[in-house]
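S.K.: Quick one: this structure, given as structure tokens, is what I'll be asking you about.
The values are calculated or read from the model by the stated rules, or taken from the named source; none is laboratory data. Since the structure is predicted, the reported quantities are computational estimates derived from the model, not experimental observations. Counting neighbours? That spans all protein chains shown, and the Cβs are built from the backbone with ideal geometry, glycine included. For the accessible areas, the whole protein counts, side chains as well, though only heavy atoms, and no ligand, DNA or RNA atoms are used. Shrake-Rupley method; radii C 1.70, N 1.55, O 1.52, S 1.80 Å.
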Amino acid sequence: MGMRRISILLLLAYAIPTWAAQPVRARHGMVVTRETHATQAGLKILESGGNAIDAAVAVGFALAVTHSSAGNLGGGGFMLVRLADGRTTFIDFRERAPESASHDMYLDAGGKLTRDSLTGYRASGIPGTVAGLEFAAKHFGTRPWAELVQPAIELAAKGFPLSYAQANGLRGGALSAFPETKRVFQRDGKFYEPGDVFMQPDLAKTLSRIAQSGSQDFYHGETARMLADDMKAHDGTITLADMEGYKVIERKPLTGKYRGYDIVTAPPPSSGGVGILQMLGVLEGTGYEKGGAGSAQVVHYMTEAMRRFFADRNQWMGDPDFVKVPVKGMLDPEYIKKLRASIDPERATPSSEVKAGVFTGRESFETTHFTVADEAGNIASMTYTLNGGYGSHVTAAGLGFLLNNEMDDFTAKPGEPNGYGLVQGEANSIAPHKTPLSAMTPTIVLKDGKPFLALGSPGGPTIINSVLEVIVNVIDFNMNVQDAVNWPRFHHQNLPDDLRVEAGYSPDTVAILEKNGYTVRRVGSQGEVAAIRFNNGWLEGAPDPRTEGTAAGR
Ligand code: DON
């Protein structure tokens with residue numbers, strides 16, 4: 001009888017699929033982005049013989065046309081590269097603070113925080129995207145530069161039909177505040193409707209100059225001069241000298257291990273990689289996974305790891321070229337052991353016992369991640385952003401692209417929350433040429449030296465937790481990659497001391513968590529992961545159904 005029950009249970013376990021969402025599968029190449037034209041632009045480059053890095057560059061330019069809220073020329077980001085020969089590198093093309101930036105530049109005469117780090121001509125760091133894409137193409141690509149910019153030029157010049165979400169995004173007051181932005185992103189003072197063809201002639205011209213002379217134009221030529229002139233006319237912060245001085249920084253990826261997998265991820269000035277490695281380290285010794293995916297036990301242990309990491313992050317992390325970031329200390333096995341031991345198996349630890357702060361959400365969030373892989377084993381995992389949706393809302397006159405508000409990622413005033421509610425410290429304070437601390441976490445997981453999973457997400461501080469959750473969904477809960485991406489997410493950032501959960505968590509689970517001391521808040525959706533799983537010769541592309549993500553392969 002006992003035996004029979006066991007075998008029936010086993011049978012059931014095998015017969016019932018865990019969850020049935022399917023990734024897009026292909027053998028030779030895969031592109032996963034949040035927008036279909038950009039995905040197709042990348043695929044086209046792969047089909048004409050380009051490698052994953054070539055395709056990623058084409059996607060980066062295409063998204064600057066088709067995903068205006070986050071895709072960009074006027075922002076910055078990180079590209080994590082893994083080459084077929086096993087080398088990995090991290091291209092940091094994030095914005096840097098302009099020469100005129102200063103510690104208290106966003107405080108008024110009375111010492112109160114202004115909104116200047118969020119909107120307008122003083123909110124931008126020096127944009128890095130064009131330099132970053134050029135660096136990637138030059139060092140790791142194989143195709144002529146102009147070919148990689150061409151799909152974007154065509155999308156800008158000929159236009160493309162706006163999707164529901166794209167047209168919706170262009171509505172609302174924010175983009176109307178600046179006349180040049182209104183001119184570019186509305187048609188004769190009227191909002192675009194879904195299905196309308198959106199043409200961007202100024203952007204097409206800018207892109208054509210970039211196709212011809214790349215960063216020479218953007219940082220030293222006509223584009224740089226037009227941008228600097230417009231900044232000057234509006235009391236902005238970025239000068240021609242700032243543009244001319246912009247430099248990409250190639251960094252060593254941060255690496256670590258989890259249950260025999262190698263994790264290759266983002267080093268400072270991203271806080272994300274340290275977070276992923278610290279949190280995986282804390283989880284590994286707990287047996288947390290025995291609760292099963294989605295259980296209160298799993299949410300509890302993961303939340304406690306998140307809470308502890310964010311306390312460290314906000315206190316200690318900043319641009320490693322300016323401050324000493326205690327990466328070693330934060331990842332020291334002894335320290336991780338201590339963190340793990342401080343978790344009560346049942347109860348939430350109040351954040352007041354970890355560290356203090358406040359949260360107020362102030363802006364809509366937009367960033368974008370895409371992942372590209374080819375059959376040779378090259379991978380580009382890239383996150384780039386204007387920071388808030390549509391960045392500073394400023395479009396430089398005649399250039400057709402939005403500028404970032406990345407300066408808000410700095411600590412504008414210690415003790416006061418930024419746009420993401422992060423209460424940060426002096427390590428991330430403002431100084432000329434400094435890079436603001438980021439949460440962007442492009443990551444690649446290897447098994448026995450071979451690609452296993454590549455992913456990343458937008459979402460400000462939630463990025464780090466979304467990436468963590470998808471990694472453990474695949475490794476610890478055996479989900480296929482699409483299930484892992486679809487699975488309901490949650491977020492805790494130490495302060496505010498609330499646990500934000502997506503709708504997929506059942507009332508029963510939430511009740512257990514509340515009983516154990518959590519303040520649970522329901523949120524609409526968290527992040528937008530773009531992942532590729534490498535599975536027995538198949539490339540499995542998993543876009544995020546939360547938005548308009550798409551995957552296409554060959
Ligand atoms: O670098 C950062 O951490 C932020 N600027 C990212 C912003 C973001 O992800 C907005 N997303 N949805």
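S.K.: Work through the residues other than P488 whose Cβ is under 13 Å from its Cβ and net out their charges, Lys, Arg +1 and Asp, Glu -1.
M.R.: 0
S.K.: In Å², what does the accessible area per residue of region 71-160 work out to with a 1.4 Å probe?
M.R.: 33
S.K.: What FRET efficiency comes out for the pair E244/A146, r = Cβ-Cβ distance, R0 = 22 Å, nearest 0.05?
M.R.: Between E244 and A146 the formula returns 0.40.
S.K.: Here's another thing I want to ask about it. Can you tell me which aspartates and glutamates have their Cα less than 14 Å from the Cα of K247? Leave out same-chain residues fewer than eight positions away.
M.R.: Partners within reach: D92, E95, E99, E134, D321.
S.K.: DSSP loop (so not H, G, I, E, B), at most 13 other Cβ within 10 Å: list which trypsin sites (Lys or Arg not before Pro) in region 21-110 pass both filters.
M.R.: R27, R87
S.K.: A further question on this structure: Hey, got a sec? Which GluC sites (Glu not before Pro) in region 66-156 land in a DSSP loop and have at most 16 other Cβ atoms within 10 Å?
M.R.: Hits after loop and neighbour filter: E99.
S.K.: Need one number: nm distance between label points at N168 and D344, each 7 Å from Cα along Cα→Cβ, rounded to one decimal.
M.R.: About 4.0 nm, to one decimal.
S.K.: Hey, another quick one. Within the set K252/K338; K290/K337; K138/K328; K257/K450; K158/K232; K324/K413, which residue pairs have Cα atoms separated by over 23 Å?
M.R.: Over 23 Å Cα-Cα: K252/K338; K138/K328; K158/K232.
S.K.: Express in nm, to one decimal, how much length is gained between E416 and K324 on full extension, taking 0.36 nm for each residue of separation and deducting their alpha carbon distance.
M.R.: Extra length from E416 to K324 when fully extended: 30.9 nm.
S.K.: If you stretched the chain out fully between V523 and R225, how much longer would it get, using 0.36 nm times the residue separation minus the C-alpha to C-alpha distance?
M.R.: 102.9 nm
S.K.: Tell me, what is a quarter of the convex hull surface for the C-alpha atoms of the chain, in nm² with one decimal?
M.R.: The directionally averaged projection comes out at 25.0 nm².
S.K.: Here is a further query. 7 Å from Cα along Cα→Cβ at both K447 and A177: what's the point-to-point distance in nm?
M.R.: In this crude spin-label approximation the distance works out to 4.8 nm.
S.K.: I need the shape label for region 371-424. Rule: rounded when a/c is under 1.5, else prolate if a/b > b/c, else oblate, with a, b, c from the alpha carbon gyration tensor.
M.R.: oblate
S.K.: Rounded, prolate or oblate for region 138-274? Axes are the square roots of the Cα gyration tensor eigenvalues, ordered a ≥ b ≥ c, and the cut-off for rounded is a/c under 1.5.
M.R.: prolate
S.K.: Determine the gain in length on full extension of the stretch D508-T114; use 0.36 nm per residue of separation and subtract their C-alpha separation, reporting nm with one decimal.
M.R.: Here the answer is 137.6 nm.
S.K.: Then there's this: Can you spot the aspartates and glutamates whose alpha carbon is less than 20 Å from K112's alpha carbon? Ignore those fewer than 8 places along the same chain.
M.R.: D104, E363, E406, D408, D409, E416, E426
S.K.: If contacts are Cα pairs under 8 angstrom and at least 6 residues apart, what is the relative contact order of region 286-419 in percent?
M.R.: 16
S.K.: Moving to a separate point now. Quick one: grab Rg to one decimal and Dmax as a whole number for region 52-107, Cα atoms only, in Å.
M.R.: 15.4, 49
S.K.: Same structure, new question: So what is the 222 nm mean residue ellipticity for the chain from helices alone, if each DSSP H run of at least 4 adds -39500 (n - 2.57) and you divide by all residues, rounding to the nearest 500 deg cm²/dmol?
M.R.: So the calculated ellipticity at 222 nm is -10500 deg cm²/dmol.
S.K.: Here's something else I'd like to know. Using label points projected 7 Å from each Cα along Cα→Cβ, tell me how many nm separate S48 and V197, to one decimal.
M.R.: That separation, rounded to one decimal, is 2.2 nm.
S.K.: Carbon and sulfur together cover what percent of the accessible area of the chain at a 1.4 Å probe radius?
M.R.: 55
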